[in-house]
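Q: Okay, handing you the structure first.
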Amino acid sequence: MKIMVADDDLGSRLVAQAAVRRLGHECITAVDGEQAWALIQQSRPEVLISDCDMPGLDGITLCRRIREHEHNQPQGGYTHVVLLTGSGGPEDVTAGMLAGG
Amino acid sequence: MSAAVLAEDRERCVAAGMDDFVAKPVRPDVLERTLNRHLTAGTTKSSAAAAGGPGTDPDQDGLPPDVVDASRLQLLRQLDPDGVGGLVTAVVGAFLQECPTRLAAVRAAVAAGSGAALAPATHELKGSAGNLGAVRVAAVCERLETLGRGSAQPGAQLLQQLNHELDAATGALAQLLTAQPAVAAAGSTSEGRA
């Protein structure tokens, strides 16, 4: 499986890439949102793992752009998006996802 | 960070159409479980319960006891594809190299009295410190970040504390690099602290 990791922090990027590779997946890396967007269109990864806070095009806006593109081109496939966030409990996002899902 | 700020961030992520989130610093086992949930369960979003346990301690009044969290480093060692410490060396090297710039950004933000600049500057340093298990540095950054987001001015003492913790962490990490047998064998050029 092709998985993209987008993070402007080199250390974080190295760790996520190592984790993805260890799971046996191909890993493409991007240093910011714009590069991630360009590479996503080029190589169509199944999954995007992206930091939220990146300069320029941040993770949340990138996710929104991906979904808009998918809406306009439904035959283009679906990219699962996993966002990397600052520390905190997951309970509130579960509620949000179930409500919106 | 306040629960309200976190909840707001998460709502924005959900509204943007994300499938799941993983809290930083990334733990490989949590990432794996998260990926498996979405890739084997098809498109059933409702089956996506939250990623198990971000693995970070809740906010404490005091700082964590260890300068560098050994379990985090151990995780990085286990993640290493070659098993000779290359990943740890690379990640520690990146941190040590970027530290002066990041600290300067925090100092500049404090000197300018800018909460708007302080929050992102400390957030970045917190992230890279946490990635390596420099938990005391991350904890002080969290305090500074909270002040920055609230447009409050940090006292000189907190900045001094950041300096102190950063010195301790970079010292410990640099020592770690020189202690790794693979580093000597690979002829690494990373500098240790006297």
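The values are calculated or read from the model by the stated rules, or taken from the named source; none is laboratory data. Small disclaimer: the values here were computed from a predicted structure and weren't measured. All Cβ positions, even for glycine, are placed from backbone atoms using ideal geometry, and neighbour counts span all protein chains on display. When the accessible area is computed, the model is the full protein with side chains, heavy atoms only, and any ligands, DNA or RNA have been set aside. Shrake-Rupley method; radii C 1.70, N 1.55, O 1.52, S 1.80 Å.
Q: How do the pairs read when you match residues in region A:1-20 that are more than 8 Å from chain B (Cβ to nearest Cβ) with residues anywhere that are basic (K, R) and assigned to a helix (DSSP H, G or I), using Cβ under 9 Å and keeping only pairs 6 or more apart or on different chains?
A: Going by the 9 Å Cβ cut-off, the qualifying pairs are A:V5/A:R13; A:A6/A:R13; A:D7/A:R13.
Q: Can I ask one more? Is it the case, given these coordinates, that A:T85 is of a type in the set (S, T, N, Q) and modelled with pLDDT of 90 or more?
A: no
Q: Applying the selection to region A:49-80, what residues are more than 7 Å from chain B (Cβ to nearest Cβ) and basic (K, R)?
A: Passing the criteria: only A:R65.
Q: How about region A:32-49: which of its residues are open to solvent by 10 Å² or more (accessible area, probe 1.4 Å) and part of a helix (DSSP H, G or I)?
A: Result: A:E34, A:Q35, A:W37, A:A38, A:L39, A:Q41, A:Q42, A:S43.
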